[in-house]
Amino acid sequence: MSARGALLRLEQLEVVYQKVVTAIQGVSLEVAEGQIVALLGSNGAGKTTTLRAITGFLGVDDARVTDGRVWFEGRSIENQPPQLVAHQGIAIVPERQKVFETLTVTENLEATVPGAGTTRAEQRRRVERVFEHFPRLHAARRRLAGYLSGGERQMLAIGAALLCTPRLLLVDELSQGLAPRIVENLLERLVELRKELGLTVLLVEQSAHVALQVADHGYILENGRVVLDGTPQRLREHKDVQEFYLGQAGGGERRSYRDVKQYRRSRRWYG
Amino acid sequence: MQTVANIAVLVAIYALIGSGYVLIYRVSRVLNLAQGELMMLVAYLLFSLATLFGGHPASALAGAVLLSLLVGLVLYVVLMRRMTGELVIAAVLVTIALGILLRGLMVLVWTGQMARPLEKLGWQNSPLALGHGVALSSVAVTTIFVAIAIYVGLFVFFRYTAWGVRMRAVGENPLLAAQRGIKLHVAYAMAWALATFSGGCAGMLLALDSGLDGTMAIIGLKAFPVVLVGGLDSLRGAIVGALIVASAEVLAIQLIDPLVSDVVPFVVLIAMLAVRPWGLFGTEEDIQRV
Amino acid sequence: MAYASGYFKTDYAMELRLIETRWQKVSAAVLVLALGVFPLISPQVAIGIANQVFIAIVGAAALMLLTGYAGQISLGHAGLLAAGALTTGVLFKELGATFWVTLPASAVVGGLLGLVFGLPSLRLKGLYLAITTLALHFVVAFVGGEYETRRGFSTGILISPPAIGGFALQEQQHWYYVLLAIAVAAMLFCINLLRTRTGRALMAIRDHDIVAESLGIPVRRYKLLIFVVSSTMTSVAGCLLAYYRGFVSIEAFSLYLTIDYVAMVIIGGLGSMLGAVLGALFVITFPYVIEGLLRVLPIPAGIANEMFAINYAAFGLVMILFLVFEPLGLVGIWRRVRNYFLLWPYRQTAVGGGGG
Ligand SMILES: Nc1ncnc2c1ncn2[C@@H]1O[C@H](COP(=O)(O)OP(=O)(O)OP(=O)(O)O)[C@@H](O)[C@H]1O
Ligand SMILES: [Mg+2]
């Protein structure tokens with residue numbers, strides 16, 4: 001991956017919550033134009049934090065990028081307010097609170113601010129396209145988003161994020177709450193969108209299987225640090241990844257959680 | 001019947017002032033305790049404009065309306081913008097301090113004397129007979145219509161326009177709204193402008209009806225239980241709250257003692273806070289830790 | 001053996017010590033001396049202002065306990081002061097009660113009202129609690145107003161100066177020493193309270209009530225307790241105010257008095273007893289300073305007549321400036337200045353943690 005082609009580049013990123021909790025430290029990664037990149041790691045590894053550092057924090061979050069840079073299209077955007085980041089073409093499907101619960105489904109989609117120069121008619125057409133992609137949403141278009149199921153919310157959040165005309169889409173836990181078939185469907189759609197719109201995707205996933213199917217490149221995060229990265233091929237073949245993310249123990253039987261913890265600890269010291 | 005008419009006028013006034021509280025709270029979770037002073041300021045601006053353009057009442061009114069929007073906008077940009085992301089209570093205290101500042105400035109500029117903008121505009125406040133022995137002053141009747149018009153306007157705005165929907169979105173989840181590209185500051189500034197506008201309308205109408213002096217700010221504070229009874233983030237609630245508080249107040253004046261009228265809204269408020277703190281129509285939020 | 005390059009606390013006793021270093025001993029002694037000599041060399045006006053400051057310190061300390069340490073916002077402070085003052089007035093007027101009766105009676109009334117004001121805090125937090133106490137303020141003001149008009153005291157109640165052992169307090173200088181003693185006692189009481197388990201529980205509740213609860217702190221009991229303690233103190237301050245002015249009228253206890261006290265704790269600096277003192281000093285002397293400035297500055301006579309309006313505007317402005325630019329208040333400024341000299345020639349940089 002050449003530095004020139006990188007759409008997004010994180011350099012030695014460090015994020016501190018509430019002035020004391022260091023959630024990630026020295027995270028560097030690159031996402032090239034048109035790629036789908038997977039960010040893997042177990043719970044609390046700092047995946048969500050990484051994505052949120054890219055989109056920016058609000059004052060109430062009491063979080064800051066304390067070190068390192070975020071480069072997007074050659075501009076550094078760390079610690080910029082979220083709306084400015086959004087205007088530069090980065091959209092996110094957050095992990096939690098991903099829809100406006102007191103707005104109807106249609107209103108959720110209409111509230112998004114499209115890229116500059118989008119006419120009203122154009123915007124309406126694109127809302128219709130979202131409904132075509134997700135017929136379930138169309139059926140529920142007049143309902144309050146607060147009454148949607150988890151999976152329907154996920155669809156709505158993805159639809160709304162796409163309406164922001166992003167160049168880079170950040171997805172936090174795509175498969176969360178979705179039926180496996182829908183996940184496959186969505187992944188296919190992401191691949192299509194990449195072809196169609198030149199969309200670039202940074203995908204956070206719990207399920208390494210799913211993510212490595214479509215990704216061009218993968219990063220593995222542990223305790224707020226990148227411990228491993230490479231092509232899906234390489235990652236799949238890596239012994240540790242097999243053991244801890246793909247659930248295939250080397251000796252044929254699974255190891256206990258205790259060993260996993262042991263592994264993590266050694267990773268922290270040596271990794 | 002006359003009682004009903006009186007209640008209707010009071011409801012209109014309270015609902016107008018209340019909508020100012022609701023607009024700001026709904027979008028930015030800040031309780032603007034300077035609402036009374038702001039409506040007074042707009043009323044005084046109308047008075048000054050009326051003095052300036054004595055011959056053109058319409059342009060004086062239009063100018064005052066424009067200025068009310070501008071005042072809200074400027075206040076947000078200069079002052080309240082700095083308070084976004086701070087503790088809610090700090091922002092509320094800023095509005096209290098703002099109220100004090102404005103009150104002092106207004107006495108300095110306009111003195112505390114009774115001002116009568118209606119005379120300056122060259123109009124009469126003649127009583128209108130509405131049949132069944134009911135009579136209201138023409139300004140009072142206008143007040144009711146203005147309140148209805150503003151509320152209809154607000155409902156349409158929040159329901160059908162893109163920025164109306166966005167302001168609701170910002171009120172619910174500012175972070176997500178920002179991530180979807182909505183400019184938070186625009187939404188907040190619009191909320192402040194609209195709030196001073198609707199509160200200012202109440203101030204102007206009150207001043208036209210019965211003159212204007214330092215006591216107007218107190219009416220603003222009395223309208224504040226209205227929004228708490230209805231729910232701080234609900235426009236519909238403001239109407240219902242206005243109905244309840246205004247009826248209780250008018251009835252208390254007629255049946256008990258005119259003196260109690262000042263305390264009735266607060267008694268209603270305490271009763272409401274004890275039973276259902278977030279109001280009749282408000283969303284049950286996590287009632288913020290300080 | 002390395003020497004500590006500063007003052008460090010090495011055991012629990014040191015943690016509890018009120019006066020810590022020799023430097024502090026010296027400054028405390030100087031302060032006591034200055035306070036003692038002050039009325040002997042100052043004009044009557046200055047002593048009068050000092051007396052008002054002492055009463056305000058009692059009230060501000062009470063509010064500081066409640067808001068600054070326990071995190072319970074109250075906008076009913078004027079109502080509680082009014083309760084103390086009115087109790088004094090009523091007992092004096094109706095029964096001819098002496099100081100030794102009215103003072104405890106005010107304290108009891110304040111405590112009971114504290115229970116009433118505190119009850120909503122069991123259910124409500126933050127903004128909603130502030131609003132409830134505000135509403136209660138209006139109820140107290142209304143009841144007081146009703147009483148005054150019904151009994152025909154609408155112009156207020158005159159109270160003769162308190163006699164302590166046959167010695168009537170009339171001279172400003174005498175008041176000075178009595179009020180100074182009371183203010184110091186109130187401060188010591190608060191500081192001591194805060195050093196105990198109760199104080200730590202209060203701060204835990206302020207910082208995170210749910211965590212406090214799960215740590216086994218009986219949150220409700222402490223909330224009520226602090227409301228009662230704070231209201232009792234406030235009511236006593238109201239009683240003192242009544243005697244000091246020799247006059248009680250509900251008019252004097254408007255919402256603006258509440259704002260004055262809230263301003264004291266904010267301008268002083270939330271979460272610091274020193275802040276309560278500085279805030280009281282600032283807010284009480286503020287109008288006098290403005291007046292003095294106006295007299296010195298060449299300002300058209302027309303404006304100078306609108307003294308109170310100028311005061312108002314300036315006061316609002318100062319409060320806004322503090323809230324926006326120095327949320328830590330005067331104490332924050334003081335700490336910054338002190339650290340500047342302590343650390344000199346090094347600079348203090350803002351790394352992590354909040355203000356020290
Ligand atoms: N608001 C916050 N305040 C303090 N610490 C936080 C906050 N949010 C996250 N953290 C901490 O930061 C670390 C990383 O959290 P993050 O949410 O980024 O993990 P994650 O990789 O997304 O986990 P998951 O897979 O469970 O979603 C965690 O240890 C968490 O405790
Ligand atoms: Mg996560």
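Can you put C:Y128, C:Y147, C:Y346, A:Y147 in order, fewest other beta carbons within 10 Å first?
Ranked by crowding around the Cβ, least crowded first: C:Y346, A:Y147, C:Y147, C:Y128.
Applied to the stretch C:230-236, the Karplus parametrisation 6.51 cos²θ - 1.76 cosθ + 1.60 on θ = phi - 60° returns per-residue 3J(HN,Hα) values of 5, 5, 4, 4, 4, 5, 4 Hz, with x for Gly and Pro. Across chain A, the mean sequence separation of Cα contacts (distance under 8 Å, 6 or more residues apart), normalised by length, yields a relative contact order of 24 percent. In degrees, nearest 10, range 0 to 90: what is the angle between the Cα axis of helix C:99-118 and the longest Cα principal axis of chain C? Roughly 70 degrees between the two axes.
Rounded to whole numbers, the Karplus 3J(HN,Hα) couplings from phi for the stretch B:184-191 are 4, 5, 5, 4, 5, 4, 5, 4 Hz, using 6.51 cos²θ - 1.76 cosθ + 1.60 with θ = phi - 60°, and x at Gly and Pro. For the stretch B:19-214, the relative contact order comes to 42 percent (Cα pairs under 8 Å, sequence separation of at least 6). For the protein assembly as shown, rounded, prolate or oblate, judged on the Cα gyration tensor with a ≥ b ≥ c (square roots of eigenvalues), a/c < 1.5 rounded, else prolate if a/b > b/c? Oblate is the answer for the protein assembly as shown, as a/c is 1.5 or above yet b/c matches or exceeds a/b.
Of B:K222, C:K9, A:K19, the sequence from fewest to most neighbouring Cβ atoms within 10 angstrom is C:K9, A:K19, B:K222. If you take all other residues with their beta carbon under 14 Å from the beta carbon of C:I19, and give Lys and Arg +1 and Asp and Glu -1, the sum is +3.
Among rounded, prolate and oblate, which fits chain B when a ≥ b ≥ c are the square roots of the eigenvalues of its C-alpha gyration tensor, a/c under 1.5 means rounded, and a/b larger than b/c means prolate? Before the final figure, lay out the partial values.
Working: a/c = 1.62, a/b = 1.24, b/c = 1.31.
Verdict is oblate for chain B.
Charged neighbours of B:D262, selected by a Cβ distance under 12 Å, balance to -2 (K, R count +1; D, E count -1).
What ranking of B:E37, A:E205, A:E78, C:E306 emerges when the number of other C-beta atoms within 10 Å of each C-beta is taken as an exposure proxy, fewest first?
Numbers: B:E37 28, A:E205 25, A:E78 21, C:E306 18.
Exposure proxy ranking, most exposed first: C:E306, A:E78, A:E205, B:E37.
A DSSP coil position with no more than 12 other Cβ atoms inside 10 Å describes none of the trypsin sites (Lys or Arg not before Pro) in the stretch B:131-209.
Values quoted throughout were computed directly from the atomic coordinates according to the rules given, and no laboratory measurement underlies them. The structure displayed is predicted, hence computed values, not measured ones. A quick note on method: Cβ atoms are made from the backbone with ideal geometry, for glycine too, and the neighbour counts reach across all protein chains shown.
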